[in-house]
Amino acid sequence: MASAFSPKALAGQALLSRAPLGLATLVLAVPLAAAALSAVFAGGGEAWQHIVSTDLLRFSLTTAVVLVLTALLVIAAAIPAAWLVTMHAFPGRGLFEWLLILPLAAPGYVVAFAYSDLMGVAGPLQSAVREATGLGARDYWFPDINSPAGLAFILAGTLYPYVYLSARAAFTTTSVCAIEAARTLGTPPLRTIWRVALPAARPAIAAGLALALMEAAADFGAADYLGVRTLTVGLFRAWSSFGDAGAAARMAMLLLVLAAALQWIERGQRGRAGSEATSKRWRQIERTPLPAGPGALAALFCFGLVVWGFGAPLLRLGWIALETGHRGAGLWGPLATSLTLAALGTAVCVMLGLSVALGVRRGGALAQLARSVLAGGYAVPGAVLALGAIVAAATFQINLVGPFAVLLLVWVYACRFTTAGAEPIGAALARAPASMGDAARALSQSPAQRIWRVELPVARSGAWVAALILFVEILKELPATLMLRPANWDTLAVRAYDYASDERLAAAALPCLMIVAAGLAPVLVLSWQLARSRPGQP
Amino acid sequence: MSAPGPQSLIAAGLKKRLGGRLIVDDVDLEIRPNRVTALLGASGAGKSTVLRLLAGLERVDAGTVAIGGALLSRRGYTRPPEARRTGLIFQDFALFPHLTAAENVAFGLAHLGRSARVAKAQDWLERLELSHRADAYPQALSGGEQQRVAIARALAPGPDALLMDEPFAGLDPALREGVADLALSAVAQTGIPTLLVSHDAQSAMERADTLAVMRAGRILQTGTPEEIYDRPVSLEVAEALGPVVTFALGEVPSGLWPGNAPRGLADPVLAARASAFRRVEAAGCRVRVERIARMADGVSATVVHAAAAFKVRLPLEHSPQPGDEIRLELGRRGVFVFAKG
Amino acid sequence: MPARFSLVSSLSALAALSACGNAADTAQTPDTTATEAAAEPQILTLYSARHYDGDEALYDRFEAETGIRVRARESRAAQLLETMKAEGAASPADVVIAADAGTLWRFKDAGLTQSVESEKLDSAIPAALRDVDGHWFGLAKRYRVIAYDKENVAPDSIAAFADLSGEAFDGEICARSSSNIYNLSLLGHLIETQGAEAAEAWAGSVSGNFARDPAGGDTDQIKAVAAGACQVAIANHYYWFRLAGSESESDRQVTEKTALVFANAGDGPHVNVTAGAVAANAPNREAAVAFLEFLATETGQTMLVAETREYPVVAGVPLPDGLIPPPDAEPVTPLSRLGENQVAAQRMFDRAGWP
């Protein structure tokens, strides 16, 4: 027993609880800091002058337009869907409840490839219009997919599940009692939605929307393919075609400010939600059946959403793959690379996520800092982090070659995604009693034993979920991989993007479908997990 | 175990400052073997912090914690909880969700061999009448069962002391009595010094051998429940153990109290337990009954005298009706005079 | 920096995870590469910016003929450039292949290529399609052409790119955005033949004639002509031929409604090349030259362009399936000028309002 409180053991205790957290924070903060610093100190190069004089304002405005339109579309889609699915009974409701999550498996760039083909002037939709009406290509108006609005349409189609999930959770847990109270006070149902349900769910909806917009601002593949020049696309091009990291870093600064603003909103709203969501009481909601007409409309609406973000684009890509009979013989290498990178990244992110989640549970200023850095990384586009990593590597004169580039890439994955891993692990720990750790210590367990025998096993279910999410996220990741991967480390995402941008959509279709297929399983598991974790549910 | 038998857990001069506020201010406490010591106080009084200091979950800013002559805490030194041999019971039970009831109990027995561990865990589950639930996971157990598992888990390693933080507050009132009796009898068999932190005066008085009343970080009085109930040192202590009616000594309704105030008190206040009032046929003080509320063991009557209204407890058989005019008098027990403030 | 090398070797385990199993060579110093090359059948390291499934067969054929195994590292050109800069003298690269003369110019400009004197290459490849100093050699040609609506446009009216600035094509032109390298090279060419002022005026007039905002790739422009959204489109020739040879019925229909003109850019058609160069620090210089020479043989040429539907640069080599014979005129403007004019062209497009 003497060893338990020897100086060595005490130092070990401090090391176990603080060191990984500190290290994680430091490692993860570097690319962010490097991107910011290089933006400040890089001289205003010629390329930057050129960008400022011609494009910067337009890039910013385009980004703003895309974000606003995306937000509107996401809200218009997700909130009615969440409401219908939680509060009403209609044909197919149970199925739609989880089908509506599927777009999470489809990366924005994949959906963009498909819609660009579907909605182009020679695509099947416009051809059908011309055949049906006998009009010429210039005699009718057709929405232009290669536009900020088109990009918003595509991004919203893939991102509405974020808001759908948070709104559904809010409707299910927080506002049922309030809604019933409002009804007993004589408020008609529609007014109840406006006056009670929506205000009560607003923090959750705002938090989900902020996440969706972070993703939208970070998108590179879809915007680049559609030729919509957002800040992220501008950044990438400044880096790759002008070779000017300084100009890219300044655009990164604008994106960082945007990310910080979104994160601030998300944080603020989450704090407000916290006080309401503390109750663990949960009641089976009495779903109001919809009459036949409205019921069919509700089903049609939900069906439309699933088709929009998932069904239509994937069927189109599947059709292209089948029609052209592309074998995809050259895809084994990229598949192996994708799996290798995703596995490496997942392993690193899960370990970092565990140390952060455990650290946050213990509390303290360092834990808060770690959390902020991680959340910051998640909000920042991958292209910005990749740029930061490149700048950092250049500062330390590390050559971006071979293993170093892979390390750097995994590092960027960690910066970007660790928070996505820390969340489910934290949630798993939070389900355990708060005093569990103290109880373990009182039972003569050293801090190391406590972590090993109690906290890790408890966190395990969360870690599995985290691993699934991370694996898919890294599999889908495009801009950072594109900027940092060494030669012959093409992932499926990179290969799909390369094929598509070389106008070989037939060749791109197969890797796209492989990415989505790989992403589907985790999304389904997640959906199952969400249904199961609802308090009150056996 | 070299120690001859259970030893007292002693805290002396404990101080703890958290977030700039003095949460625990010079607390002395002796938790003796073979007795249950209850630390009673309203929430925010600093009780739980005292428990965490005793358990080694917090460092002390001043003072010492010791057991049987062995120093556990002083400023700059804290023997970590895992090296203290102190059992802990929490309000939220704190069971490990990934382990069954039996595995939870066996958790602290890592030093034993497998078969000894299983046997000992079974033995403790049996003592708490839980053998049939050995293989259930915490989420399948009721609150009462969970807390019994938590108690078995804390006692199984044979701790030197047991610290319980509001152990029964999270339970359904209907279950509370049974679980508490079973738990405390299991604790009593071990004879180890036991601290029970509670905000419920009734249950603390019922279950504790020694009571310590705490308020704003200080211990106001320590003694047997009877001593404290009958001879509180201050109005605050009196109020901590149950409802009290107070009058400035000059304004006591005439005829209510036959006693005399001790001399030399500045601004004396008469404090009477609500249960110290008696209904009398003659003399006493005339009051009008405003409301009657039925309690488990009598009634609570809101009565008015002149402008003053106060609540008294009366036995069921003497229950008046609202609107009745009755006469009240104070006896000797449960009536105190304190200096104001 | 010895510390770095020890780090490198300790990380070679990670390199072994490389999906294609050959990233480990990046961790080697030139010495180890040399000894390895001496001990085993010779290995040629190729840095390639191409991604075609048929390239493997090409490398196998080269090995069959020479006994030299090709180890290809594929990535984007900009990244290969940065990689080689970083590797410096330790670079294992023997040969670099990129799909644009402008890109090769950037490699040369960065000092990453070396001059090669080869009788075989010089005689097989027309002078305009290789670097004046022998730093790089064009291996496959592509033409920037005008695709037109067969029903409404006479091919004579679009014999030159300059014709597109006329009022006849007001609201009739489809083109992709200006940031694309193909458009940058085209304008770079026009700057050479017409002068900067005329080139900028041309860009302004053409963008004034657009039927719609530039969007999508070259294929999309050709399809837009077939659908009737515009009458002419600027595109690379092989996109049209890929549509013509597509498995998809609707793709083939596009090429039935449209045709191509190898439009004149002032001194002949606008040509660009997929080109190869020997790396400045090539560990296997002779093998590198042999590989380039192999690519300039009939076999090499045929295999190189079979899938891409580019034109061979060597006279007399049969064309890939479906290609029509190219114009006889070879370009006069040295292709290296296209790369040098790239930045100026981009700014010109930006000023002219060609998005």
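Restricting B:Val105, B:Val179, B:Val118, B:Val149 to those that are out of contact with any strand residue (DSSP E or B) (no Cβ under 8 Å at 6 or more places or on another chain), in a helix (DSSP H, G or I), within 23 Å of B:Asn34 (Cβ to Cβ) and in contact (Cβ under 8 Å) with a residue 12 or more places away in the chain reduces the list to B:Val179. Looking across the stretch A:107-158, the residues that are within 18 Å of C:Gln221 (Cα to Cα) and among the polar types (S, T, N, Q) come down to A:Ser116, A:Gln126, A:Ser127, A:Asn146, A:Ser147.
The listed residues are C:Ala259, C:Ala275, C:Ala280, C:Ala265, and the only one of them that is farther than 22 Å from C:Tyr182 by Cα, in contact with a strand residue (DSSP E or B) (Cβ under 9 Å, 6 or more places away or on another chain) and either more than 14 Å from chain A (Cβ to nearest Cβ) or of a type in the set (Val, Ile, Thr) (or both) turns out to be C:Ala280. Enumerate the pairs (first residue in the stretch A:426-444 and more than 7 Å from chain B (Cβ to nearest Cβ); second residue anywhere and among the hydroxyl-bearing types (Ser, Thr, Tyr) and buried (at least 24 other Cβ atoms within 10 Å of the Cβ)) with beta-carbon separation below 8 Å, excluding pairs fewer than 6 apart on the same chain, so at least 6 apart or on different chains. Pairs found: none.
Taking helices (runs of 4 or more DSSP H) as the structural unit, those lying wholly within the stretch C:152-241 and holding at least 2 residues that are surrounded by fewer than 24 Cβ atoms within 10 Å (Cβ to Cβ) and more than 14 Å from chain A (Cβ to nearest Cβ) correspond to C:181-194, C:196-208. Hey, can you tell me all the residues within the stretch B:32-58 that are surrounded by fewer than 23 Cβ atoms within 10 Å (Cβ to Cβ), away from chain A (no Cβ under 14 Å) and under 16 Å from B:Phe90 (Cβ atoms)? Result: B:Ser43, single match.
Go through the residues of the stretch C:70-87 one by one and say whether even a single one is of a type outside the set (Gly, Ala, Ser), surrounded by fewer than 20 Cβ atoms within 10 Å (Cβ to Cβ) and more than 14 Å from chain A (Cβ to nearest Cβ). No, every residue in the stretch C:70-87 fails to be of a type outside the set (Gly, Ala, Ser), surrounded by fewer than 20 Cβ atoms within 10 Å (Cβ to Cβ) and more than 14 Å from chain A (Cβ to nearest Cβ). B:Arg333 meets the conditions (1) of a type in the set (D, E, K, R); (2) over 30 Å from B:Ala38 (Cβ atoms); (3) assigned to a loop (DSSP other than H, G, I, E, B) in every case but one. The failed one is (2). Restricting A:Leu341, A:Leu314 to residues that are closer than 28 Å to A:Ile474 by Cβ, within 14 Å of chain C (Cβ to nearest Cβ) and among the aliphatic types (A, V, I, L, M) narrows the list to A:Leu341.
The set of residues in the stretch B:17-65 that are part of a strand (DSSP E or B), closer than 25 Å to B:Gln202 by Cα and not β-branched (Val, Ile, Thr) comprises B:Asp28, B:Leu29, B:Glu30, B:Ala38, B:Leu39, B:Leu40.
B:Ser185 meets the conditions (1) under 30 Å from B:Gly44 (Cα atoms); (2) away from chain A (no Cβ under 11 Å); (3) buried (at least 16 other Cβ atoms within 10 Å of the Cβ) in every case but one. The failed one is (3).
Note on the stretch B:66-97: residues that are away from every other protein chain (no Cβ under 11 Å) and either of a type in the set (A, V, I, L, M, F, W, C) or touching a residue at least 40 places away in the same chain (Cβ under 8 Å) (or both) amount to 6.
With respect to the conditions (1) modelled with pLDDT under 90; (2) surrounded by fewer than 18 Cβ atoms within 10 Å (Cβ to Cβ), B:Arg231 lacks only one, and its number is (1).
Considered as a group, the residues in the stretch A:449-470 that are within 10 Å of chain B (Cβ to nearest Cβ), more than 16 Å from A:Val523 (Cα to Cα) and of a type outside the set (D, E, K, R) include one that is surrounded by the most Cβ atoms within 10 Å (Cβ to Cβ), and that residue is A:Ala459. Looking across the stretch A:126-137, the residues that are facing chain C (nearest Cβ under 9 Å) and either within 27 Å of A:Ala223 (Cβ to Cβ) or of a type in the set (Ser, Thr, Tyr) (or both) come down to A:Gln126, A:Ser127, A:Ala137.
Looking at B:Val252, B:Val233 in this structure, which one is of a type outside the set (Gly, Ala, Ser), out of contact with any Asp or Glu (no Cβ under 6 Å at 6 or more places or on another chain) and within 21 Å of B:Thr302 (Cα to Cα)?
B:Val252
Considering C:Arg351, C:Arg309, C:Arg347, the condition of being surrounded by fewer than 16 Cβ atoms within 10 Å (Cβ to Cβ), within 14 Å of another protein chain (Cβ to nearest Cβ) and touching a His at 6+ places or on another chain (Cβ under 9 Å) is satisfied by C:Arg347 alone. Scanning the stretch B:4-37 for residues that are without any contact (Cβ under 8 Å) to a residue 12 or more places away in the chain and over 30 Å from B:Ala186 (Cα atoms) gives B:Gly19, B:Gly20, B:Arg21.
Taking the stretch C:96-127 as the search range and keeping residues that are of a type in the set (Val, Ile, Thr) and over 15 Å from the mean Cα position of the chain (by Cα), which one is farthest from the other protein chains (Cβ to nearest Cβ)? That would be C:Ile125. For the stretch B:287-294, indicate whether the set of residues that are touching a residue at least 40 places away in the same chain (Cβ under 8 Å) and outside any loop (DSSP other than H, G, I, E, B) is non-empty. There is at least one residue in the stretch B:287-294 that is touching a residue at least 40 places away in the same chain (Cβ under 8 Å) and outside any loop (DSSP other than H, G, I, E, B). For B:Leu162, the criteria (1) more than 8 Å from chain A (Cβ to nearest Cβ); (2) more than 30 Å from B:Ala62 (Cβ to Cβ) hold in every case but one, which is (2).
Can we say A:Ala370 is among the aliphatic types (A, V, I, L, M), surrounded by fewer than 17 Cβ atoms within 10 Å (Cβ to Cβ) and either touching a residue at least 24 places away in the same chain (Cβ under 8 Å) or more than 9 Å from chain C (Cβ to nearest Cβ) (or both)?
Working: among the aliphatic types (A, V, I, L, M): yes; surrounded by fewer than 17 Cβ atoms within 10 Å (Cβ to Cβ): no; either touching a residue at least 24 places away in the same chain (Cβ under 8 Å) or more than 9 Å from chain C (Cβ to nearest Cβ) (or both): yes.
In short, no.
Taking the criterion of being closer than 28 Å to B:Ala339 by Cβ and of a type in the set (A, V, I, L, M), the residues of the stretch B:264-303 that qualify are B:Leu265, B:Ala266, B:Val269, B:Leu270, B:Ala271, B:Ala272, B:Ala274, B:Ala276, B:Val287, B:Val303.
The values are calculated or read from the model by the stated rules, or taken from the named source; none is laboratory data. What you see is a predicted model; the values in this text were computed from it and never measured. Glycine gets a Cβ as well: all are built from the backbone with ideal geometry, and neighbour counts include every protein chain shown.
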